[in-house]
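Notes follow once the structure below has been shown.
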């Protein structure tokens, strides 16, 4: 026969075991919900709109705003079914919070991210998850990774459009032509900085820059940002 204190301790232990089983059951149920939500995000390829209540106005973006941002930073805005990188737990938690604002399960997910993070079809900052909320607007659910900074905007400026690329080539050629010492390009050692010799070097620099740009464009880019921002093709 158990001592009263031993019997009381045994009841407490049985209660703890029952509590732990209940906790495990809740955790398993929540994990199943996360798995289902993640599967929906991973397979989302069709545009469908959602009804959300209590939206934060600071998280609502027009399509034109998204387009300009993608062009500025050379990003893609594609269905989340094309996304190949990992989706972090924080994004799932944000999705759960956003889903609590919806009148039905969320659909039509889209992600803004660099092209290397998508599975692009062969015919190439960081991820931001959106859901469409109607009227050409998208609601920002979660952003992970590093913030998109001005350095990326500067580096991708030349490939925003054909005129941006042309301006970059001309500036590069002009800089090269201006920096070459006169003694290397003029027959007359007493020639000044400006003259026919500098003009011809400028033309040579333009042709060289155009050749290098054409090779690099065909090898690494293939599309300007104002064409590629919503394209699922490599080039």
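Please treat every number below as a calculation from the coordinates, not as lab data. Being a predicted model, the structure only gives us computed values, none of them experimental. Positions of Cβ are backbone-derived with ideal geometry, glycine not excepted, and every protein chain shown enters the neighbour counts.
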Could you pull out which residues in segment 66-92 have an amide N less than 13 Å from a spot 7 Å beyond the Cα of residue 34, following the Cα-Cβ vector? 87-92
R0 of 22 Å, Cβ-Cβ distance residue 200-residue 171: FRET efficiency to nearest 0.05: 0.75
What's the FRET efficiency of residue 93 with residue 163 using the Cβ-Cβ distance as r and R₀ = 35 Å, to the nearest 0.05? 0.20
